[in-house]
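*Asks:* Encoded as structure tokens, here's the structure I'll be asking about.
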Amino acid sequence: MHGKEVLILDKARNSGGRLSTRRHPLFSFDHGAQFFTAKDTEFLQIVQSGLNNSEITTLTHPQKGKIYIGNPVFHPFVSRLKEQFHVEQNALVTQINKSPDKPNEEWQISIEGRQTIHAKNLILTMPAQQTEALLPNYLHALKKTALQAEFLPCIAAMAGIEISASDVTLVNPENPELLPLLHESEVISWSIAKWSHNSAQDAAYLSVMIHANPQYSERYLEQDADISADKLWSEWLSSIPNSHNFNISALPTHISYLKGHRWRYAKVSKVVNESHPFVDPSHSIALAGDWLQGPRIESAWISGRNAALSLLS
Ligand SMILES: Cc1cc2nc3c(=O)[nH]c(=O)nc-3n(C[C@H](O)[C@H](O)[C@H](O)COP(=O)(O)OP(=O)(O)OC[C@H]3O[C@@H](n4cnc5c(N)ncnc54)[C@H](O)[C@@H]3O)c2cc1C
């Protein structure tokens, strides 16, 4: 990027952050963001590359119009974007240090279980609360910025059902290849189901992703997420209507996979007002993330671009 050497440190085992994919030998789930919208010209170019490679596809959302979803999941798209960079997974940053009175010094970055590394410029892109905790006290203006943002949690349930390939048309008569179901209920804010196939085994796999609404998620955040997954799965089964698109009664009752996941900082409910600084040029540090721009993938990307440009200038 602009002739600079970029290193990305990510504490997670897999890349993607809240756009990551949970994979299982038979099923796969985008358990964070389900889709995104795109308007920014540069961002659209990246999206177009994903469409050209069939890593993503489009869908019409009843309220948002054209949306982009993983085909069938976001993992290949994210992996290809990641290839352009040096990314270290399992790299939990525990501290960042620089003497307040020596702003031209390099940043010292402590990583759990690894050697400290040094960097001239630093961009922090974790959710606001985690950013605030990592910032040294003397960067109080940036700390204050991070304190402005608010997030809502989301509990996700991932359910996988195996079925014989010939029975798919009984469940899904209209479009046996791929039929996402968008569905809301009292507890569920969103769900989508995707088919995958293994012709050698004469088997098809339905991966159902369910997100609880903010009220349920806040209430049960500290509960074991697998207990919530049970509840969300029952709710999904009982409230999804039998329709010409999806015949629930033809689904086997045996479920092969059911797991819950807690997103403590899922969706930004209060974006930081732009009057708050996101960069300290004298100390070569900037902040980025959806909480500075808007509660969406595209906004997080724009925020990252703004942070990089602010340091380069
Ligand atoms: C359930 C759910 C549904 C969503 N639905 C949508 C949607 O439909 N459409 C949409 O546009 N957006 C949606 N979003 C929001 C979208 O996912 C986010 O806006 C976007 O992913 C934020 O990107 P980010 O880079 O700012 O943060 P993140 O994706 O959270 O990335 C932060 C990264 O920092 C890493 N990290 C954190 N702390 C450390 C540390 N100390 N050391 C090293 N690494 C660290 C994390 O591992 C992570 O990789 C959804 C999010 C969730 C959770």
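Values quoted throughout were computed directly from the atomic coordinates according to the rules given, and no laboratory measurement underlies them. Please read all numbers here as calculations on a predicted model, not as lab measurements. Here Cβ is always computed from backbone atoms with ideal geometry, including for glycine, and neighbour counts include all displayed protein chains.
*Asks:* Report Rg/Rh for the chain, rounded to two decimals, where Rg is the Cα radius of gyration and Rh the Kirkwood radius.
*Replies:* We get a ratio of 1.01 for the chain.
*Asks:* Determine the distance separating the Cα centre of segment 52-116 from the Cα centre of segment 279-313; give it in Å without decimals.
*Replies:* 13
*Asks:* Cα-based Rg (one decimal) and Dmax (whole number) for segment 199-296, in Å?
*Replies:* Every Cα atom of segment 199-296 included, Rg and Dmax give 20.5, 64 Å.
*Asks:* With a sphere of radius 13 Å drawn around the Cβ of W263, what net charge do the other residues whose Cβ falls strictly inside it have (Lys, Arg +1; Asp, Glu -1)?
*Replies:* On the way: positive: R18, R22, R262, R264, K267; negative: D30, E218, D290.
In short, +2.
*Asks:* Would segment 60-213 count as rounded, prolate or oblate if I go by the C-alpha gyration tensor, calling it rounded below 1.5 in a/c and otherwise prolate when a/b exceeds b/c, oblate otherwise?
*Replies:* Prolate shape, in that a/c is at least 1.5 and a/b is the bigger ratio.
*Asks:* Can I ask one more? Which semi-axes, in whole Å and largest first, does the equivalent ellipsoid of segment 153-266 have when worked out from the alpha carbon gyration tensor as the square roots of 5 times its eigenvalues?
*Replies:* 26, 14, 11
*Asks:* Assign one of three labels to segment 1-96, namely rounded, prolate or oblate, based on the Cα gyration tensor with a ≥ b ≥ c the square roots of its eigenvalues; rounded applies when a/c is under 1.5, prolate when it is not and a/b is larger than b/c, and oblate otherwise.
*Replies:* In terms of gyration-tensor shape, oblate.
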